[in-house]
């Protein structure tokens, strides 16, 4: 299929009557007898592709597309006030780039629940649900807000080693691994490295990175691998001076998410 695939949000009045190519996941397929509608999904939302029965071969193929298949379509952009973004694609060609299994092991568009085992066994399908993908968007917003706030306060972002010869803190069980015949541990905290950096002249540092703690638990909220947000500040008189920076970063993150 010739042409570059367009993002749905880029389609507008300037494209009226023009030929464009679109691609995405087939979220829904509706055959109304004389016309078929293919609702295709990208990250930014959905777009309606219309196929008329006048092109019998194209109509039959489009009507049989399985939900969640990866499809590509080419056609003319036309206005349609009944669809969400006001535009649709009158298709001249529709290709299935990657067909989905039927039936799907996990529904995506339908409001049907599934147990955790099914969700994890079909994780890519599970993450196509908007409420699941929102987790990644929120995490990205939080990290961006924290990073921006601290950089505005003259902090330097650092990346400390995640393999260590000993634990950085007491009271936390370590994950042990083999490091070319020597014993090593997954990092539980960047604490020692942050304190060392205070002696180098880097008086304000922070890190957003994975941390590991081999602590068994009976709850689903206690994780052994997590993303740690750590900061360190020199030339202060009391620990509350550090709290002011960290609280400011958290406040900025909350504001960013709420906006």
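Of all the residues in the stretch 121-160, those that are surrounded by 10 or more Cβ atoms within 10 Å (Cβ to Cβ) and under 30 Å from residue 205 (Cα atoms) number 26.
Can you report the number of residues in the stretch 98-124 which are in contact with a strand residue (DSSP E or B) (Cβ under 7 Å, 6 or more places away or on another chain) and either without any contact (Cβ under 8 Å) to a residue 60 or more places away in the chain or assigned by TED's automatic domain parsing to the domain that holds residue 22 (or both)? Before you say what the answer is, go through the steps one by one.
Narrowing the stretch 98-124 to residues in contact with a strand residue (DSSP E or B) (Cβ under 7 Å, 6 or more places away or on another chain): 98, 109.
From the residues that got through so far, the ones that are either without any contact (Cβ under 8 Å) to a residue 60 or more places away in the chain or assigned by TED's automatic domain parsing to the domain that holds residue 22 (or both) too are 98.
Here the count works out to 1.
Please go through the stretch 104-120 and give me each residue that is surrounded by 13 or more Cβ atoms within 10 Å (Cβ to Cβ) and farther than 20 Å from residue 70 by Cα, ordered by number. Answer for the stretch 104-120, where residues must be surrounded by 13 or more Cβ atoms within 10 Å (Cβ to Cβ) and farther than 20 Å from residue 70 by Cα: 114, 118, 119.
I need the full set of residues from the stretch 228-247 which are touching a helix residue (DSSP H, G or I) at 6+ places or on another chain (Cβ under 8 Å) and closer than 22 Å to residue 210 by Cα, in order please.
Step one: filter the stretch 228-247 for residues touching a helix residue (DSSP H, G or I) at 6+ places or on another chain (Cβ under 8 Å), giving 229-233, 236, 245.
Of everything in the stretch 228-247, those that are touching a helix residue (DSSP H, G or I) at 6+ places or on another chain (Cβ under 8 Å) and closer than 22 Å to residue 210 by Cα turn out to be 229, 230, 231, 232, 233, 245.
The C-beta contact set for the stretch 189-217 (first residue at negative phi and touching a residue at least 60 places away in the same chain (Cβ under 8 Å), second residue surrounded by fewer than 16 Cβ atoms within 10 Å (Cβ to Cβ) and assigned to a helix (DSSP H, G or I), distance under 8 angstrom, 6+ apart or interchain) comprises 208/143. Checking each residue in the stretch 226-259 for being surrounded by 12 or more Cβ atoms within 10 Å (Cβ to Cβ) and in a strand (DSSP E or B) picks out 227, 228, 229, 230, 231, 232, 233. Under the condition of being in contact with a helix residue (DSSP H, G or I) (Cβ under 8 Å, 6 or more places away or on another chain), surrounded by fewer than 17 Cβ atoms within 10 Å (Cβ to Cβ) and closer than 18 Å to residue 129 by Cα, the residues counted in the stretch 43-72 number 3.
Filtering the stretch 64-108 to residues that are closer than 14 Å to residue 15 by Cβ and under 24 Å from the mean Cα position of the chain (by Cα) leaves only 85.
Of all residues in the stretch 69-88, those satisfying the criterion of being more than 20 Å from residue 17 (Cβ to Cβ) and at pLDDT 95 or above are 69, 70, 71, 72.
The residues in the stretch 204-224 that are surrounded by fewer than 18 Cβ atoms within 10 Å (Cβ to Cβ) and at pLDDT below 95 can be counted, and the count is 11. Given the criteria surrounded by 15 or more Cβ atoms within 10 Å (Cβ to Cβ), assigned by TED's automatic domain parsing to the domain that holds residue 249 and out of contact with any helix residue (DSSP H, G or I) (no Cβ under 9 Å at 6 or more places or on another chain), does residue 199 qualify? Answer is no for this residue.
The values are calculated or read from the model by the stated rules, or taken from the named source; none is laboratory data. Keep in mind that what you see is a predicted model, and the values were worked out from it rather than measured. Please note: Cβ atoms are built from the backbone with ideal geometry, for glycine as well, and neighbour counts cover all protein chains shown.
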